[in-house]
Amino acid sequence: MFLGSVLSFFLNRHFTFGVRHWSLKMAVLFAVNMCVCYFTGYKSAELLLGVGNAALLCGMVIFTIMNFFGQKFLVFRR
C-alpha cells in the first residue's frame, strides 16, 4: 500500500492535476489525506453495513470520492 501511495502521489500530481513542482508540505498533506480518507471511508462503511463485500465496496466508493476532492482542494490546489 505504501509504494502504491507514493506512485499515486507522483502520478496524480503530474497527470491528474498538472502540478509540476512538489514540496515536503505537499507530500505530508497527501499522506494525511490518504490516511483520513482510508479510515473514514472504510470505518463509515463498516458502521453502516457491517462486515462483508457490500461494506468493502461502499468503503472503496467513499474513499475514492473523499480522496479525489481532498487532493484537488487540499493537496494540489493552485
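The values are calculated or read from the model by the stated rules, or taken from the named source; none is laboratory data. Bear in mind that the values here come from a model prediction, so they are computed numbers and not experimental data. Neighbour counts run over all protein chains shown; Cβ positions are idealised from the backbone, glycine included.
Data for the structure
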| read-out | value |
| --- | --- |
| Verdict on K25 being surrounded by 12 or more Cβ atoms within 10 Å (Cβ to Cβ) and basic (K, R) | no |
| The stretch 28-47, subset hydrophobic (A, V, I, L, M, F, W, C) and surrounded by 13 or more Cβ atoms within 10 Å (Cβ to Cβ), residue farthest from K72 (Cα to Cα) | A45 |
| From G4, G50, residue being surrounded by fewer than 15 Cβ atoms within 10 Å (Cβ to Cβ), more than 15 Å from the chain's Cα centre (by Cα) and of a type outside the set (A, V, I, L, M, F, W, C) | G50 |
| Every residue from the stretch 1-35 that is hydroxyl-bearing (S, T, Y) and either over 18 Å from F68 (Cβ atoms) or touching a residue at least 40 places away in the same chain (Cβ under 8 Å) (or both) | T16, S23 |
| Residue count, the stretch 1-42 (criterion: of a type outside the set (G, A, S), part of a helix (DSSP H, G or I), modelled with pLDDT of 90 or more and out of contact with any helix residue (DSSP H, G or I) (no Cβ under 8 Å at 6 or more places or on another chain)) | 13 |
| Near pairs, Cβ below 6 angstrom, 6+ apart or cross-chain, from the stretch 37-50 (under 16 Å from F68 (Cβ atoms)) to any residue that is surrounded by 12 or more Cβ atoms within 10 Å (Cβ to Cβ) and of a type in the set (S, T, N, Q) | C37/N67 |
